[in-house]
1. Considering every Cα-Cα pair within the range 167-254, what fraction, in whole percent, is farther apart than 18 Å?
2. Using Cβ contacts closer than 10 Å as the measure, can you line up His465, His362, His330 from fewest to most?
3. For Gln11 and Arg273, what does the FRET efficiency come to when R0 = 22 Å and r is the distance between their Cβ atoms, rounded to the nearest 0.05?
4. Need one number: nm distance between label points at Arg231 and Gln18, each 7 Å from Cα along Cα→Cβ, rounded to one decimal.
5. Full extension from Asp298 to Glu101: what is 0.36 nm times the residue separation minus their Cα-Cα distance, to one decimal in nm?
6. What is the sum of charges, Lys and Arg at +1 and Asp and Glu at -1, for the other residues whose Cβ falls under 11 Å from the Cβ of Arg378?
7. Restricting to bridges with both residues inside the chain, how much of the DSSP beta-bridge set is antiparallel, in percent to the nearest 5?
8. Please give me the summed charge of the neighbours of Ile311: other residues whose Cβ is under 10 Å from its Cβ, Lys and Arg +1, Asp and Glu -1.
Amino acid sequence: MRSIILDRFVQKVAQIIQTEGAACFSLGVADNRLHPQAVISRRDGITRDSLGHVDVDSGGAFSAAVSTALSQRGPVVIDEATRIDDFKVNPPVLVMPIIWEREPLESEEEPVQRAVGVLALWEKRGGRYDEDDYKLAETLSGQAAALLVEEQLDEFDDIQAAFSTVPVGLMLVAPDNSVLVANAAAMLVTGVDPLQGRRIENIDYGNQLTDLLKQARDSNDGNSALAYVSRDNESYSASAQLTQEKQAIVAFTQSPFSTAAEELTGQVAHELRTPLTVIQGNLQTIEVMIEGGIHPEDQDIIQEFISTALIQSSRMFRLIAETLNISRIHAGKELELEVEHFNLIDALNQILEELGDYLLSHELDIQAPDEIMIDGDRAKIISIFDNYLKNAAKYSDTGTTITIRLYETDDDMVAIEVTDQGIGIPLDSIEKIGKEAGFRTDLSKKQAGGIGLGMVYTRRVTEAHGGRMEIESTVGEGSTFRSLIPKHQSDE
Ligand code: ADP
């Protein structure tokens, strides 16, 4: 769950509070240990990879400070040199708990508060932390909280979504594939009563659940889903989600339509959370910095925080529009274009800024002239870039190259082309991408979560402009996605 945003974040924390080193740890729910997520250290040579896990109960000044900070939910300062894992760091060391807070979803609920990690800062220039530093560290740790729980929340959301759908069959399956618990609906769906204590292999109809569990266990994120047909020929959606203890929660949902809607909502919520986290975090930091009195050297940081927040808010607008348009497509409506005359290269630069951190772990090779003027729906064309680039990054290893080519063709078309060095697409699947909503290749299911709507939208947007989408791919080598779009739209 390592995130580049966290790296950047830790860098900024050290810069703002002026320390030689900073580290952000997540707190493992099951093992109660600190797992380093991002580390910056100018002099001690500590990196995330060299730093081991820190046991909260292990004794030692740092562990003790962490323990106190977590239980008091406040900062603790160690005034002498101390060890973090095997590394010696210079004082003063500030340990700030990272507390995640969520407003209650229902009015009668309590607000949720959970310690999710720790921010450690060491060797402050000037030698003392003051009230302003505590306040900044606390606000910043709130930002980190959002980033740290993002992954956990996904897990949580999925489980919750499964529980809130009725009618639903639920069962919990042990690592040895025996059913630990099951509700009545699960017995109805599987046609087996009782389920508890039975092994999946012995009750499975056509190996469907065996496949489902295997997929979840083989996947990176511990999730899998498939269409399940019961003995009495009813269709369900079955999904499996692994817990920390490697048990699997299996959920059956009855209506495929409501499942699609739910997946879409989940996906949208997930997509919107990232820009919103950045916007909120940046604004909070600026607020705290202003409260402490603006120093001339803060000016640049504040400026940067504001421009990132603005870029991310325009991204949110576009993602919301995209979602509304996908629902319109679902409802059988045509896409409406708002055509304007614009420079495609500017549009590319905009999406590159918006995607910022998302593409940092890949090499980008951009081959484009300075200007290609076209008539088209700017926001929707940006979505084409967005979807191609997100997929290129999602379905290829970090460090590989993503090539973006923009060029004009002889027949007055413009090509938007993205090539990756990723997993590729089997020949017989190429045909289905962007045509069948929800279609995902088997290769990609092992790689990353997705719901198979982005390409449907991209194809529709391309075709609504009178263009066409082309895909070329070799399994294991990579893929090229291309939208060919006429430069001019005929007036109708
Ligand atoms: P998803 O949310 O699943 O990524 P998309 O509609 O964007 O949905 O893509 C549909 C499917 O096409 C993906 O699930 C994946 O199987 C395949 N795909 C899309 N882009 C790529 C790519 N660059 N490399 C390999 N497979 C891809």
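1. In whole percent, the long-distance tail amounts to 32.
2. On the way: His465 25, His362 20, His330 15.
The most exposed by this proxy come first: His330, His362, His465.
3. It comes to 0.50.
4. Roughly 7.4 nm, to one decimal.
5. Going from the current span to full extension adds 68.1 nm.
6. So the surrounding residues net to -3.
7. Here the share of antiparallel DSSP bridges comes out near 95 percent.
8. Details: positive: Arg315; negative: Glu353, Glu354.
Combined, the nearby Lys, Arg, Asp and Glu give -1.
Since every read-out is calculated from the coordinates, none of them should be taken as a lab result. From a predicted model like this one, the values you see are computed outputs, not experimental measurements. Reconstructed Cβ throughout: ideal geometry from the backbone, glycine too, with neighbour counts over all protein chains shown.
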